[in-house]
1. Given the options Asp96, Asp76, Asp122, name the one that is surrounded by 24 or more Cβ atoms within 10 Å (Cβ to Cβ), touching a strand residue (DSSP E or B) at 6+ places or on another chain (Cβ under 8 Å) and of a type in the set (D, E, K, R).
2. Return the pair list, or none, for Cβ contacts closer than 6 Å from residues in the range 107-121 that are in contact (Cβ under 8 Å) with a residue 60 or more places away in the chain to residues that are polar (S, T, N, Q) and surrounded by fewer than 21 Cβ atoms within 10 Å (Cβ to Cβ), at least 6 apart or on different chains.
3. Could you please find all residues in the range 125-136 being over 16 Å from Val47 (Cβ atoms) and surrounded by fewer than 20 Cβ atoms within 10 Å (Cβ to Cβ)?
4. Name the residue that is farthest from Gly135 (Cα to Cα), counting only residues in the range 49-74 that are small (Gly, Ala, Ser) and in contact (Cβ under 8 Å) with a residue 24 or more places away in the chain.
5. Cβ-Cβ under 7 Å, sequence separation 6+ or interchain: first residue in the range 76-104 and touching a residue at least 60 places away in the same chain (Cβ under 8 Å), partner among the basic types (Lys, Arg) and part of a loop (DSSP other than H, G, I, E, B). Which pairs?
6. Here are the criteria: (1) at pLDDT 95 or above; (2) over 18 Å from His29 (Cβ atoms). Tell me which single one Lys115 does not satisfy.
Amino acid sequence: MPRKESASTPAIAALVAAGVDHGVHPYEHDPASELSYGLEAAAALGVAPQAVFKTLCFVADSTLTMGIVPVSGSLDLKAAAHAVGAKRAVMASPADAERATGYVVGGISPLGGRKRLPAVVDSSALDLPRVYVSGGKRGLDISLSPHDLVRLTGAVTAPIGKDS
């Protein structure tokens, strides 16, 4: 059962401030796990990987942007560039992503970041009643309606995920 907790991260504080219904899902992060952060979260929480979304930072033309895609696949950079009207996109460096969001890789949340970045949510999210995203640190996910995720991030939706 999701647990409500005090605003322990900026992501949770953003949800509380917006009055958005959400769940808080801590789990034991295993630094030695061979799974990616997102697949580790899905397994630990017993949630289908298609419902757990990772936040990846990419540079579209010269703009740092967030791509929010299921952990079961990867970000299609060509589709992501197209979704934001850019000619091309490349992955941002981990250091740039951490600096802009204020979160560490493996715990980058699309919510409550240091800077508000443009965002694109993979359109598959809209087929789900709830999605899981990082709560702002490794070992913490939050669940919310995909429509609330899109609204709070100011995201556009587009098919930007691809199967791995």
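1. Asp122
2. What qualifies is Val121/Thr157.
3. Once the filter is applied, which keeps residues that are over 16 Å from Val47 (Cβ atoms) and surrounded by fewer than 20 Cβ atoms within 10 Å (Cβ to Cβ), the range 125-136 yields only Leu126.
4. Within the range 49-74, the match that is farthest from Gly135 (Cα to Cα) is Ala60.
5. Close Cβ pairs (under 7 Å, with a partner that is among the basic types (Lys, Arg) and part of a loop (DSSP other than H, G, I, E, B)) amount to Gly102/Arg114.
6. (1)
Residue-by-condition table, conditions (1) out of contact with any Lys or Arg (no Cβ under 6 Å at 6 or more places or on another chain); (2) under 22 Å from Ala158 (Cα atoms); (3) surrounded by fewer than 17 Cβ atoms within 10 Å (Cβ to Cβ):
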site	(1), (2), (3)
Leu35	yes, no, yes
Glu40	yes, no, no
Leu56	yes, yes, no
Ser62	yes, yes, yes
Met66	yes, yes, no
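The values are calculated or read from the model by the stated rules, or taken from the named source; none is laboratory data. Since this is a predicted model, take the numbers as computed values, not measurements. Here the Cβ is made from the backbone with ideal geometry for all residues, glycine too, and neighbour counts use every protein chain on show.
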